[in-house]
Amino acid sequence: MEKKDEEIEDLTPTPWLYWCVCGIVGLLCLGLLVFLHDVYANAGHKQTLSKEVSILMPAKERDAIIEKKEQDVSAQPAVKTGEKIPLMAIVIDDMGINQKRTKEILSLQAPLTSSFLTYGKNLKELCMEAQNAGHEIIIHVPMEPEGQASLAPDTLSVSMTDEEIVAGLKQMLQKFEGVNVKGVNNHMGSLFTMSAPKMDVVMNVLKSNNMFFLDSKTTPYSVAGQLAEKNGVRYLKRDVFLDNQNDYAYISKQLKEAEKIAQLQGYSIAIGHPKSQTFRVLKEWLETLKNKKIRLVHLSKLALHKDSKE
Ligand SMILES: [Zn+2]
């Protein structure tokens with residue numbers, strides 16, 4: 001009997017040990033499965049991101065995806081409902097000319113606004129890249145500056161007839177066919193934007209295309225605002241030029257200025273260019289955004305913001 005008891009005692013721990021080992025192995029397998037599933041899902045997500053925003057997609061669908069991306073940007077401060085947070089839009093002009101610098105800007109995954117020059121290279125491809133990076137796209141329309149003998153391609157000049165302006169503008173818009181373009185701003189244009197009759201023609205075309213106008217304000221005498229109002233076109237104007245000097249300290253100071261204006265008037269619009277130091281400053285600045293009480297938005301958001309205020 002004693003021997004039998006001993007045998008029974010010896011055998012009892014075995015099922016316990018067995019079930020423990022099984023349990024641990026089971027848990028490890030489950031953990032591995034969850035991990036593999038996450039890795040796989042993320043890989044799939046990355047793949048679909050570049051595919052999901054297509055320039056051939058219907059505008060509504062594309063808008064929804066881009067809007068979602070704007071909200072996804074983790075570099076943004078958390079906003080509580082009802083909280084008024086200063087808004088800021090950063091527009092990068094002259095996109096599509098210097099391919100290397102353009103690509104640098106397009107590597108910034110943020111709700112920036114890319115303004116593509118009408119005579120840039122690989123426009124549609126770059127626009128698609130910009131949309132995938134979460135940028136909004138506007139068209140940078142060349143307009144005649146004061147005192148310049150040779151004009152850039154596509155430039156709208158004050159010597160053109162109304163018909164020539166309409167035809168020129170339509171041709172420029174056609175280069176962006178299929179791209180979700182929300183508005184236009186002027187490249188140069190210190191002479192052209194002073195001309196009321198010529199700006200009237202431009203605003204008329206923008207109105208029929210449901211586009212807003214951002215005045216780059218290359219002259220304090222621009223009449224774009226009055227003519228936009230006359231034609232019922234949403235109008236915005238630049239507050240700060242970021243990079244008149246391609247200098248790190250200068251650009252940082254200008255960005256601070258744009259932040260200050262946003263805090264004072266509720267929003268601000270800064271214009272920069274695809275320059276080496278602009279890229280460097282912006283890249284670092286975007287990282288600091290989550291700790292700031294400022295929200296970076298697409299330019300069209302400010303057009304709506306202003307509309308709702310007025
Ligand atoms: Zn320009």
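Only the coordinates and a few stated rules stand behind these numbers; no lab work does. Being a predicted model, the structure only gives us computed values, none of them experimental.
Around residue 211, which amide H atoms from residues at least 5 apart in sequence, or from another chain, sit under 5 Å from its own amide H, with H modelled in the peptide plane?
none
Taking just the alpha carbons, could you work out the radius of gyration and Dmax for the stretch 109-167, both in angstroms?
14.5, 42
From the cross-link list 124/256; 100/260; 103/124, which pairs have alpha carbons spaced over 25 Å apart?
As for pairs spanning more than 25 Å Cα to Cα, those are 124/256; 100/260.
How many angstrom lie between the C-alpha centres of the stretch 141-217 and the stretch 229-267?
If you average the Cα positions of each part, the centres end up 21 Å apart.
When averaged across all projection directions, what area in nm² does the alpha-carbon convex hull of the stretch 220-302 cover?
Taking a quarter of the hull surface, the average projection is 6.3 nm².
Can you give me the long-range amide H partners of residue 268? Hydrogens built in the peptide plane at 1.01 Å from N, cutoff under 5 Å, separation of 5 or more residues or another chain.
Under 5 Å from the amide H of residue 268 lie the amide H atoms of 87, 88, 89, each far enough along the sequence or on another chain.
For the stretch 56-309, what's the radius of gyration and Dmax over Cα atoms, in angstrom?
17.3, 53
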